[in-house]
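First the structure, in the form of structure tokens, and then the observations on it.
The values are calculated or read from the model by the stated rules, or taken from the named source; none is laboratory data. Every value quoted in this text rests on a predicted model; they were computed, and no experiment measured them. As a convention, Cβ positions derive from the backbone with ideal geometry for all residues, glycine included, and neighbour counts pool all protein chains shown. Just the protein is used for accessible areas: all its heavy atoms, side chains included, with ligands, DNA and RNA removed. Shrake-Rupley method; radii C 1.70, N 1.55, O 1.52, S 1.80 Å.
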Amino acid sequence: MKPTELVNLLRERMPSKQLEWRYDRENNILNIQHKAIGKGMTLSLPQVINRYEAKGDSAIQEIVYTITETFDAMEKEAKGELKSSEHIYPIIRSTSFPTESKEGHKFITSEHTAETRVFYALDAGTTYRLIDENMLNSLSLTEEQLKEIAKFQVKKLKTAVKEDHVAGNVFYFLNENDGYDATRILNEAFLKEMKSKITGDMTVSVPHQDVLIIGDIRNETGYDVLAQMAMHFFTNGKVPITSLSFIYENDELEPIFILAKNRQQKENDKK
């Protein structure tokens, strides 16, 4: 599919008079502006085309859904319909994720690990809007209040997991598809509960937004399986976070490659 064909297809699927389409041929990007709210979004056409070639029409359906729901959330925000503290949640993103909005407002964030950062979002039902400094003021909340609310909201999320056994190791998958699967990594009580049932090394992975994987790694093969699994999810997720997994020990998350280095050092010390 050529970029111009993709642009025409998206316009056909979203025939709204409120949308203004700007195709930048030089940079191969598409900017879609919503006239009523004065905001928009930019798409990298090669990325969408690659996803289309891999997934077919479902990729187009996904992008149309995302655009539609995002603009719907923006409209609700403009009308002041997204101001309930019950709709505030933390969101896990890669540290490479932009830290400010298209308008230049800084997002409210918290440090997490060397690979991940915590953002905060206002839930709109089928999508959510990341909270920036400008939006924080409209919510009449301090940054500290926002983070406390979000921390409390994490505890309300379901934590049912599916179990799978591979080569003597156990893997637990959390996949509610509510947009907050990776967010469960911030639920300390949940992590401690899982730790109590694990007999080997406990690993935690958030390869993309819509999955959280907890591993009970009982042998070296388990680490190989985990690495392949995390990379697979990372490359196939709509919102990739990190292909790196973490060891959960002493209530802390430590990247596995650092742990491996530490173990090697300990073995050398013993010798």
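Take the Cα of ALA167, step 7 Å toward its Cβ, do the same at LYS195, and the gap between the two points is 2.7 nm.
Only helices enter the 222 nm calculation for the chain: every DSSP H run of n ≥ 4 contributes -39,500 (n - 2.57), and dividing by all residues gives -12000 deg cm²/dmol, rounded to 500. Surface composition of the stretch 103-142: carbon and sulfur atoms hold 43% of the protein heavy-atom accessible area at a 1.4 Å probe. Over what distance in Å are the Cα centres of the stretch 180-244 and the stretch 1-55 separated? About 34 Å separates the Cα centre of the stretch 180-244 from the one of the stretch 1-55.
Going by average Cβ neighbours within 10 Å, how do the peptides 158-170, 220-232 rank, with the highest at the top? The partial results should precede the final answer.
Details: 158-170: 13.1, 220-232: 15.8.
Ranking the peptides 158-170, 220-232 by packing returns 220-232, 158-170.
Taking 32 Å as the limit for the C-alpha separation, the pairs LYS35/LYS106; LYS106/LYS197; LYS39/LYS147; LYS79/LYS147; LYS79/LYS158 exceed it in the case of LYS106/LYS197.
Rounded to 0.05, the FRET efficiency of the GLU252 and LYS158 pair, given R0 = 35 Å and the Cβ-Cβ distance, is 0.90.
Counting only protein heavy atoms and using a 1.4 Å probe, the accessible area of TYR172 comes to about 20 Å².
Per residue, the accessible area of the chain comes to 55 Å², computed with a 1.4 Å probe over protein heavy atoms only. Here the simple spin-label model places points 7 Å from the Cα toward Cβ, and for GLU188 and GLU148 these points are separated by 1.5 nm.
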